[in-house]
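Trainee: Below are the structure tokens for one structure; questions will follow.
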Amino acid sequence: MKKIALIAIALLSICNVEAQNISQRARSMRMESYAKDEYQVKDIKIFDDTMFVICRSEYVHYPVGKFNSVDAYINRSNLDWYRQMNYRSFFSDSLRVPVTNIKRLDDSYIDTYSSINTGKMEIIGGHITDPAIKLRLKVCVGMSKKDVFMAFFRAFPQTYIADINVLRIVSAGGEFAQIFTFKRNRLKYIDFITNYRYY
């Protein structure tokens, strides 16, 4: 009798996990239909408390805007930045790339370099906690979770984002990601992560 009860419990848990997977897939597909066209959303996946939005739009690579130089961005932002220049090696390559680190007093920072391919300021990393730093979509730290999601989606049921604590906007090739982390339904910080060679 105990064996039958254990088998029944095991089957129920397998069915419950499968139902959750189907539910997450259905929610992902529905969220995809709500995505704004300009982001060219290719796919949405939900794992635990994280939503991955895979986009083809160039916005993903240029979250603060497209600028010809770091100076152009600093002038446009109207904020005081502290600048430091250094050289970094990426992966196992012997090529060293000049990187400009711009930083705010609260230790928010953006690492950039000037690409010889695009002629633009490219972001290679960053961590933002300063609400004065606004992204291209007017997203900034301190905003409500709903307002951040509204920057990327036309509409959506509130229940679809209730358990999401991390929103990752990822480029289609997976080489660049913007990570929005929420705490108590407010945007706590923003990270930029890159994963490709920078030259």
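A quick yes/no check of all residues on (1) in a strand (DSSP E or B); (2) out of contact with any Asp or Glu (no Cβ under 6 Å at 6 or more places or on another chain); (3) loosely packed, with under 11 Cβ neighbours inside 10 Å; (4) modelled with pLDDT of 95 or more:
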site	(1), (2), (3), (4)
ILE4	no, yes, yes, no
ILE7	no, yes, yes, no
LEU11	no, yes, yes, no
VAL17	no, yes, yes, no
GLY65	no, yes, no, no
ASN86	yes, yes, no, no
SER94	no, yes, yes, no
ASP107	no, yes, yes, no
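Trainee: Here's another thing I want to ask about it. Are any of the residues in the range 38-56 assigned to a strand (DSSP E or B), open to solvent by 30 Å² or more (accessible area, probe 1.4 Å) and in contact with a Phe, Trp or Tyr (Cβ under 6 Å, 6 or more places away or on another chain)?
Mentor: Yes, some residue in the range 38-56 is assigned to a strand (DSSP E or B), open to solvent by 30 Å² or more (accessible area, probe 1.4 Å) and in contact with a Phe, Trp or Tyr (Cβ under 6 Å, 6 or more places away or on another chain).
Trainee: When the range 125-164 is examined, which residues are found to be part of a helix (DSSP H, G or I) and within 29 Å of VAL99 (Cβ to Cβ)?
Mentor: VAL148
Trainee: Within the range 109-126, how many residues turn out to be closer than 16 Å to PRO63 by Cα, more than 16 Å from the chain's Cα centre (by Cα) and open to solvent by 20 Å² or more (accessible area, probe 1.4 Å)?
Mentor: 3
Trainee: State whether the residues of the range 115-126 include one that is more than 26 Å from GLU38 (Cα to Cα) and modelled with pLDDT of 90 or more.
Mentor: No, every residue in the range 115-126 fails to be more than 26 Å from GLU38 (Cα to Cα) and modelled with pLDDT of 90 or more.
Trainee: Hey, another quick one. Evaluate the range 152-161: report whether one residue or more is in contact with a Gly (Cβ under 8 Å, 6 or more places away or on another chain), open to solvent by 70 Å² or more (accessible area, probe 1.4 Å) and basic (Lys, Arg).
Mentor: no
Trainee: Here's a follow-up. If we scan the range 127-147, do we find a residue that is closer than 28 Å to ARG184 by Cα, crowded, with 19+ Cβ neighbours inside 10 Å, of a type in the set (Lys, Arg) and within 19 Å of the chain's Cα centre (by Cα)?
Mentor: yes
Trainee: When you go through TYR109, TYR113 one by one, which is the residue that is in contact with a Pro (Cβ under 9 Å, 6 or more places away or on another chain), aromatic (Phe, Trp, Tyr) and under 26 Å from ASN68 (Cα atoms)?
Mentor: Residue meeting the stated conditions: TYR113.
Trainee: Just wondering, is there one or more residues in the range 174-190 that are open to solvent by 10 Å² or more (accessible area, probe 1.4 Å), acidic (Asp, Glu) and in contact with a strand residue (DSSP E or B) (Cβ under 8 Å, 6 or more places away or on another chain)?
Mentor: yes
Trainee: Quick one: what pairs do we get from the range 154-165, first residue over 13 Å from ALA35 (Cα atoms), second of a type in the set (Asp, Glu), C-beta under 8 Å, 6+ apart or different chains?
Mentor: ASP163/ASP49; ILE164/ASP49; ASN165/ASP49
The values are calculated or read from the model by the stated rules, or taken from the named source; none is laboratory data. Remember, it's a predicted structure, so these values are computed and weren't measured experimentally. Quick reminder, even Gly has a Cβ in these numbers, built from the backbone with ideal geometry, and neighbours come from all protein chains shown. Heads up: the accessible areas ignore ligands, DNA and RNA and are worked out on the full protein's heavy atoms, side chains in. Shrake-Rupley method; radii C 1.70, N 1.55, O 1.52, S 1.80 Å.
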